[in-house]
C-alpha cells in the first residue's frame, strides 16, 4: 500500500512538472519561471508544511463526523493568503473568479453591480451604466426620483433570504443568475448613498457616473429599506463617459480599466473632437484601477512616448512598460484625481504628471502602488496575489503615499454631490478655469 508520504511526494513532483508545462500560459512580463516553480520545489522543505498536510489528512480520516473537505480546503487556502497581511491578495472562489473575469472582459450576464464586504454586511460599490441595477426603480418608487441601486446601498436580503451574515461569495452567488431570470434585492440606503447620474449632453452619451465608490454607511446612520425586482440580462461594463461642457471644453471620465476601455476612450475622444472640443478634462476620480494593460494602452492618447511605469517584482530586474504607438492629444488637458484614484489609474496619472503633459487637480490619490496577478486554480477557483510594486517614470513609489496634485482642491460636502457639473463640482470648475487661463475663484 502506498504511504501518505509517498503519495504526497509523488503529487508534488506532478505539480512541479505541471508548473513547467503550463508556464507559457500563466506567466506575465514581470515574473520569471524561478519565481513560480522555486516556491513549489521548496514546499516540502518548508517548516510546518508537513504538519499542514498531516492535519488535513487527519481531519479527513479521523474527525468524528465526515467533514466537508471542500470547505476545509477553502478555509485553509483563505487562511494561507490572509497570513500575508496584504489587503490586495486573496483566494477567489469560482464565483469570485468569474466576477473578476467578467469585469475585466467588459461583458457578463447579471444585474450590473459590484458588491464588496462592509462592516455591517455586503455593500454595493459600483453600478454599471445602462444595466438593470442602474435603470430599475425600486418597488413603489415615486415619480421624479432617479431609479437604480446606488453605491453605498447595503444589501440586506436576496430573494427574501437575509445575507448580512453570509460570506461575500455566497451573496454574489445568490445575486448572479441566467439572463431572463428575476432576483429581488432588499437594500438599506443611507442618506449618503452615491451620486445620481449626470444629465445627457446634446448629441453625446450621458456622462453618468453611477459607478462611483462611496464610503460604507455606518450602522447608526439613518436610512430606508428599499426593494428592487430586477431582471438579469447581458451587461456591457462601460467604463468611459464623455460630454461637452461648453466653451470648447470636453469631458472624458474613466471609471475603471478593462479590456474595452482603450476602444471606449478612442470613441469618446473622436466624438468630442467632432463636437468641437479643443480642451479636455480627463476625470480619473473614483477610478479604482483594473487591468494594467488597458491603462498602458490608454496612455498613448495622453503621452508622447517613453515609459508609462516600471514594475519591480520581488526578484529580477525592473521591467519598463512603454507607451504603445503614441498618438497624443493635440489639445491642452487637465486631469482630476481624488482619494479614490488608485492602482492603474494612479499609474496613468503619475506618468502624465512626470511628463508634465497636464496638471493634476483635486486631492491626494489613494497610494496603492502594487500590482496583482490572478493565478487560476483547479475547480474554477483562483489566487489573486500581489507580485510587484510599481514606480512612475521618474522612479516615484506611490505605495502608501499616492500622488500629490499640482493644484489641491477639496471636494466639500457629501459624496452624493453630483460630479461632472461645474456648478456643483469645484474640482471640475478649477480644471476648466485652468484650461481657459483664468482664475477659478
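Odds and ends about this structure:
- Of the strands (runs of 3 or more DSSP E) lying entirely inside the stretch 349-408, those carrying at least 1 residues that are under 18 Å from the mean Cα position of the chain (by Cα) are 370-376, 382-391.
- Some residue of the stretch 301-324 being within 20 Å of residue 391 (Cβ to Cβ), within 21 Å of the chain's Cα centre (by Cα) and not in a strand (DSSP E or B): no
- In the stretch 277-300, the qualifying residues are those that are on the phi > 0 side of the Ramachandran plot and outside any strand (DSSP E or B), and the one that is modelled with the lowest pLDDT is 286.
- Set 76, 80: member being surrounded by fewer than 17 Cβ atoms within 10 Å (Cβ to Cβ) and either in the same structural domain as residue 289 (by TED's automatic domain parsing) or closer than 16 Å to residue 386 by Cα (or both): 80
- Considering residues of the stretch 98-113 that are modelled with pLDDT under 85 and touching a helix residue (DSSP H, G or I) at 6+ places or on another chain (Cβ under 7 Å) only, the residue surrounded by the fewest Cβ atoms within 10 Å (Cβ to Cβ): 108
- Residue selection: residue 382 satisfies the criterion of being within 21 Å of residue 100 (Cα to Cα), touching a helix residue (DSSP H, G or I) at 6+ places or on another chain (Cβ under 6 Å) and buried (at least 21 other Cβ atoms within 10 Å of the Cβ).
- You will find that of 276, 263, 268, 293, the residue that is free of Cβ contacts under 8 Å to residues at least 12 places away in the same chain and either crowded, with 24+ Cβ neighbours inside 10 Å or farther than 23 Å from residue 368 by Cβ (or both) is 263 and no other.
The values are calculated or read from the model by the stated rules, or taken from the named source; none is laboratory data. Remember, predicted model here, so these are calculated numbers, not experimental data. Please note: Cβ atoms are built from the backbone with ideal geometry, for glycine as well, and neighbour counts cover all protein chains shown.
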